[in-house]
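What follows is one structure encoded as structure tokens, with my remarks underneath.
The values are calculated or read from the model by the stated rules, or taken from the named source; none is laboratory data. None of the values given here were measured: they were computed from a predicted structure. Reconstructed Cβ throughout: ideal geometry from the backbone, glycine too, with neighbour counts over all protein chains shown.
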């Protein structure tokens, strides 16, 4: 049996099965041993007792980013990461991002996909603005506490 056939009846997504093949845990054409591994993995799949310790090893920022972007495709995650790493003072040049994306993934983005890149950029701007406002709020409250301390003296 091939992993493609197995994925039709399995809880495990084909993408996950391909990753397991790529890591050398199972073969593209499944053997009896591979099937035993997959049955065991299916029994654990989605179990909170196994997910929680894995997720807790990550920083809070990484966990939030994972949840916020869980539905992103591979190229969307690339675009998100590329744009989120642009410094605060630097402007995101969309034509450049689209060109880099097309070059990196050897694809020609369709108008709907380009629109998606713009939506990702807007999401990043909102996230950065929220972070900036949160930092400003914290600074303001700290300054307020210092002022209160001075007034008590």
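Pairs linking a residue in the stretch 75-95 that is in the same structural domain as residue 118 (by TED's automatic domain parsing) and more than 12 Å from residue 122 (Cα to Cα) to a residue that is outside any helix (DSSP H, G or I) and at pLDDT 90 or above, with Cβ atoms under 8 Å and 6 or more positions apart or on different chains, are 75/107. Listed by position, the helices (runs of 4 or more DSSP H) enclosed by the stretch 1-120 that each have at least 2 residues that are closer than 30 Å to residue 131 by Cβ are 48-56, 60-68, 74-84, 94-105.
Residues in the stretch 71-92 that are loosely packed, with under 11 Cβ neighbours inside 10 Å and more than 23 Å from residue 15 (Cα to Cα): 85, 87, 88, 89, 90, 91. Mind checking whether some residue in the stretch 93-116 is closer than 20 Å to residue 73 by Cβ, surrounded by 10 or more Cβ atoms within 10 Å (Cβ to Cβ) and modelled with pLDDT under 85? Within the stretch 93-116, not a single residue is closer than 20 Å to residue 73 by Cβ, surrounded by 10 or more Cβ atoms within 10 Å (Cβ to Cβ) and modelled with pLDDT under 85.
Of the residues making up the stretch 5-28, those that are farther than 23 Å from residue 71 by Cβ and in contact with a helix residue (DSSP H, G or I) (Cβ under 8 Å, 6 or more places away or on another chain) are 6, 21, 25, 26, 27, 28. A single member of 12, 30, 38 is farther than 30 Å from residue 103 by Cα, surrounded by 15 or more Cβ atoms within 10 Å (Cβ to Cβ) and touching a strand residue (DSSP E or B) at 6+ places or on another chain (Cβ under 8 Å), and it is 30.
Here residue 104 does not qualify as in contact (Cβ under 8 Å) with a residue 12 or more places away in the chain and within 17 Å of the chain's Cα centre (by Cα).
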